[in-house]
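Below is one structure; the comments refer to it alone.
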Amino acid sequence: MCGIVCYVGSQNCSRIVIDGLSRLEYRGYDSAGIAVHSGTEIHISRQEGKLAGLEEKLRLSPLSGSTGIGHTRWATHGRPSENNAHPHRVGKIAVIHNGIFENHLELRASLEKEGCVFSSETDTEILAHLVSQAIVSAPSLKEAVRQSLGKVQGSYAVAVLSEDNPDELIVAKNASPLVIGIGEGEMFAASDVPAILKYTRKVMFMEDGELARLTREGAEIETMAGEAVTKPQKEITWSHIQAEKEGYKHFMLKEIYQQPTVIEDTLRGRVSIEGSGVATELMGFDDATARRIRRIVLLACGTSYHASMVGKYWLEKLAQVPTEVELASEYRAREPLVDPNDLVIPVSQSGETLDTMEAIKIAKAGAARILAISNVVDSAIPRSSDGTLYTHAGPEIGVASTKCFTAQLAALYMLAVHLGRRRNTLTKDQARELLENLMRVPKLMNEVLKKNDEIKKIAHSIAHLKDALFLGRNLSYPIALEGALKLKEISYVHAEGYAAGEMKHGPIALIDENMPVVVVMPNDESLKRIVGNVQEVMARGGKVIGVVSENEQESAGIEMERIVIPACPPEVSPLLSVLPLQLLAYHVADFKGTDVDQPRNLAKTVTVE
Ligand code: AGP
């Protein structure tokens, strides 16, 4: 989720690149840098922190030249620091990268064996070394980049600048966005359209597996196999703000739609189907420690708490470790018993939530081992933990968390399989099957997202109502809680999430024709019983909206509104069944005209008591 801006032309590129980067602020960043070719040499300026820091540095020591590449970093490998900021330079080559090189550890080890010295902790620097080696014998910069990219696996949008080629840039794309902008005697490239909209509205969107040589005269685009590609130019008619949202009306909707990619990114380079394992290089404990864990305590707030509740089911079932889930604010309010053989897992999107931070202090004082799950590299919670399993969801702008929730689920599922293998509670075959099921989730998520129009209609039919009830059992219980939280936080509709089995102990008294009841009922071992709950609701005149599995017969005879999700193994159903609830909440809120991305009274990062 880094930002990329490149320029080749006749103007001073420094100003254009920095201006472009500033338009990518909505992506969030922790460091920034620029490389400019002066005509004879490449000069680089990098700075940790916000772009303003780099701007100040450039004000004091300006860089001038008319070919340049710039980058804002959202850390995935290596903490935010000046050394880890892009561009990375090796010899005459400077590189910027958005994405993740999956095989970076093995490539780094083999390059180090050959004598390469690394100056950062990033996966990106590998490419700078590879191109720098390849350029010695390759016929051109383009070929050197092509050969080097042939060695990396993973996602990337990259731009490469060489000291020997003052008037050209090589850019390439695989699974990370890259757009080329066409000017008069000048060319641009960027990770996102808003970065270059001020300069041109004529663009070409690069596809995966394409590489381009940019000069003032234009772009020569090829496939990785070397076949020339002719691309239609497109005229961008979106406003700047629309472009930031990639045409979606709100960031929340964009983030809901990003989820298939986010799950792929979170799994990328970590899940090995062949080895039936999960690479957990950053967890901060070895296999012996994994076997010694007596209890897991998950600490979190809000949506992260709901993800943790799902995690409990997986950790107990797959790794067979007794697991407790605690609201961080309650944990810190009492005097919890902590054991040195506890593994305490704070789960926090922002990595800065005050209650979770304070709860960690208690767990640390009891000598428990702390493994964070967070989306923000080097934020306060990872910094105070022994290890961190990062989600790779990119910055989440909508205050209502969506993509970070499912990324947390993916991380917790991976962790449960990892511990299950280490503790021998899962066979190799069982682990392989579980991981294969997880890898199929992004494709299935895309199927769910196709139901958007149906869900919108249902949302409009209930938008005038004042209350709603969400029910689920087993793995779907936390999803019901999450569905209710989403609805209340953005649409201000009073919503309650309940374990379906608890309905008869109280909430059933609320049921009437004005109380829509959303029932999360995928095809799992609890289905029969939850069908019983649905019948109880209907018998009392309640309107039921069921999130049900495709081709499932148990609920077939019931006359309720249905949102059908694809058939899937029960373990992965939470990653799918939450999507319709996010969309339902979104459309109710949008229909009511609330401030979807910044609902009243809520903050994205809660650093207060
Ligand atoms: C979710 O939609 C909320 N905005 C909120 O509940 C959030 O999940 C909570 O504040 C925890 O934040 P964290 O994950 O950054 O710690």
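Structural remarks
- Within the range 389-410, considering residues that are buried (at least 24 other Cβ atoms within 10 Å of the Cβ) and more than 12 Å from the ligand (Cβ to nearest atom), the one nearest to Asn98 (Cα to Cα): His392
- Taken together, Lys245, Lys151, Lys198, Lys249 contain a single residue that is surrounded by fewer than 21 Cβ atoms within 10 Å (Cβ to Cβ), basic (Lys, Arg) and farther than 28 Å from Ile397 by Cα, which is Lys151.
- Scope the range 178-195; condition surrounded by fewer than 21 Cβ atoms within 10 Å (Cβ to Cβ) and free of Cβ contacts under 8 Å to residues at least 40 places away in the same chain; matching residues: Glu184
- Among residues of the range 472-487 that are on the phi > 0 side of the Ramachandran plot, those with a Cβ under 8 angstrom from a residue that is more than 13 Å from the ligand (Cβ to nearest atom), sequence gap 6+ or separate chain, pair up as Asn474/Tyr313; Asn474/Asp524; Asn474/Glu525; Asn474/Ser526.
- Selection status of Ile16, part of a strand (DSSP E or B), out of contact with any Leu (no Cβ under 6 Å at 6 or more places or on another chain) and touching a residue at least 40 places away in the same chain (Cβ under 8 Å): no
- Within the range 229-250, one or more residues are under 27 Å from Ile182 (Cα atoms), modelled with pLDDT of 90 or more, of a type in the set (Phe, Trp, Tyr) and in a loop (DSSP other than H, G, I, E, B).
- Criterion violated by Thr427 - all others in (1) in contact with a Ser or Thr (Cβ under 9 Å, 6 or more places away or on another chain); (2) of a type outside the set (A, V, I, L, M, F, W, C); (3) surrounded by 24 or more Cβ atoms within 10 Å (Cβ to Cβ); (4) free of Cβ contacts under 8 Å to residues at least 40 places away in the same chain satisfied: (3)
- Highlighted here are the strands (runs of 3 or more DSSP E) found entirely within the range 151-194 that include at least 3 residues which are closer than 18 Å to Ala128 by Cα: 154-162, 169-174.
- Among the residues here, Pro570 does not qualify as within 15 Å of the ligand (Cβ to nearest atom), surrounded by fewer than 21 Cβ atoms within 10 Å (Cβ to Cβ) and touching a residue at least 40 places away in the same chain (Cβ under 8 Å).
- Matching residues in the range 305-329 - criterion: being in a helix (DSSP H, G or I), of a type in the set (A, V, I, L, M, F, W, C) and either more than 16 Å from the ligand (Cβ to nearest atom) or more than 25 Å from the chain's Cα centre (by Cα) (or both): Trp314, Leu315, Leu318
- Residues in the range 461-487 that are under 29 Å from the mean Cα position of the chain (by Cα), away from the ligand (no atom under 16 Å from the Cβ) and not hydrophobic (A, V, I, L, M, F, W, C): 5 in all.
- Answer residue from the range 361-379, given it is within 16 Å of Pro80 (Cα to Cα) and in contact with a helix residue (DSSP H, G or I) (Cβ under 6 Å, 6 or more places away or on another chain) and is modelled with the lowest pLDDT among those: Asn375
- Subset of the range 488-497 [within 11 Å of the ligand (Cβ to nearest atom) and hydrophobic (A, V, I, L, M, F, W, C)]: Ile490
- Pro566 being at pLDDT 95 or above and within 15 Å of Gly472 (Cβ to Cβ): no
- Selection status of Glu482, of a type in the set (Asp, Glu), touching a Gly at 6+ places or on another chain (Cβ under 8 Å) and surrounded by 18 or more Cβ atoms within 10 Å (Cβ to Cβ): yes
- For the range 482-514, the tally of residues that are touching a Pro at 6+ places or on another chain (Cβ under 8 Å) and assigned to a loop (DSSP other than H, G, I, E, B) stands at 1.
Conditions (1) touching a Gly at 6+ places or on another chain (Cβ under 7 Å); (2) more than 30 Å from Lys443 (Cβ to Cβ); (3) at pLDDT below 95, marked per residue:
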residue	(1), (2), (3)
Gly269	yes, no, yes
Ala290	no, yes, yes
Leu315	no, no, no
Pro322	no, yes, no
Val325	no, no, no
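- The range 344-359, subset more than 9 Å from the ligand (Cβ to nearest atom) and crowded, with 24+ Cβ neighbours inside 10 Å, residue nearest to Arg292 (Cα to Cα): Val344
- Considering Val517, Val534, Val547, the condition of being out of contact with any Phe, Trp or Tyr (no Cβ under 9 Å at 6 or more places or on another chain) and outside any helix (DSSP H, G or I) is satisfied by Val547 alone.
- Residue match in the range 330-343 (condition: near the ligand (Cβ under 10 Å from one of its atoms) and at pLDDT below 95): no
- For the range 87-119, a residue qualifies if it is under 21 Å from Thr391 (Cα atoms) and in a loop (DSSP other than H, G, I, E, B), and the qualifying residues are Glu102, Asn103.
The values are calculated or read from the model by the stated rules, or taken from the named source; none is laboratory data. Just so we're clear, the structure is a prediction, and the values are computed from it rather than from any experiment. Cβ coordinates were reconstructed from backbone atoms using ideal geometry, including for glycine residues, and neighbour counts include every protein chain displayed.
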